[in-house]
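Everything below concerns the one structure shown next.
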Amino acid sequence: AAQKAEEIAAAAQKAEAERLAELETAQAAAVEAFRRAEREEEEALRLVQELEEEEEALSATEAVQKYEEEMRAIATERVKKANAAPKKKAVQVEIVMESEDAAPSVEYTSMTVVELKQVLRSKGLKVSGRKGELVQRLLSS
């Protein structure tokens with residue numbers, strides 16, 4: 001009877017050891033499944049973030065395109081206005097003959113500074129300074 005009790009106890013220990021081994025295997029499998037689920041969740045979050053960044057980039061690209069279209073429209077309008085505006089008149093220089101033998105002189109003093117500068121530019125001369133300096137520069141040339 002003692003031997004039978006020992007056999008039963010040994011069988012019970014063996015069954016308990018097998019049950020513990022099965023539990024450890026199941027626990028290891030559960031831990032691995034949990035880790036896999038965490039990795040999949042991290043990957044899903046990364047993909048969502050990438051999609052959001054792509055959407056933001058598309059929104060930024062669309063905003064840039066809209067801005068460029070607006071700038072083109074403004075530039076086109078300015079060109080149309082510039083083409084429709086009256087053109088500046090060429091400076092007319094009044095030449096007065098002091099005598100038939102003398103060389104013709106120009107009445108620079110009656111001209112505006114803008115007109116004087118146009119004449120100076122046409123002669124390739126410096127255009128900065130006050131009206132008196134501009135007149136003197138033209139008379140000296």
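The values are calculated or read from the model by the stated rules, or taken from the named source; none is laboratory data. No experiment lies behind these values; they were computed from the predicted model shown. All Cβ positions, glycine included, derive from the backbone under ideal geometry; neighbour counts span all protein chains shown. To get the accessible areas, we keep the full protein, side chains included, count just its heavy atoms, and leave off ligands, DNA and RNA. Shrake-Rupley method; radii C 1.70, N 1.55, O 1.52, S 1.80 Å.
Ranking ILE74, ILE8 from most to least accessible surface, computed with a 1.4 Å probe over the protein chains only, gives ILE8, ILE74.
Couplings for segment 56-72, taken from phi via the Karplus curve 6.51 cos²θ - 1.76 cosθ + 1.60 with θ = phi - 60°, read 5, 5, 5, 4, 5, 5, 4, 5, 5, 4, 5, 4, 4, 5, 5, 5, 4 Hz in order; Gly and Pro are left as x. The mean accessible area for residues of segment 1-87, using a 1.4 Å probe and ignoring ligands and nucleic acids, is 92 Å² per residue.
Express in nm, to one decimal, how much length is gained between LYS66 and GLN49 on full extension, taking 0.36 nm for each residue of separation and deducting their alpha carbon distance.
On the way: separation 17, 0.36 × 17 = 6.12 nm, distance 2.55 nm.
Using 0.36 nm per residue and subtracting the Cα-Cα distance, I get 3.6 nm.
What's the extension gain from ILE8 to ARG78 if we count 0.36 nm per residue and subtract their Cα-Cα distance? Present the calculation step by step, with values, prior to reporting the outcome.
On the way: separation 70, 0.36 × 70 = 25.20 nm, distance 10.37 nm.
Length gained between ILE8 and ARG78: 14.8 nm.
Model label sites at VAL114 and GLU16, defined 7 Å from Cα along the beta-carbon direction, differ in position by 11.1 nm.
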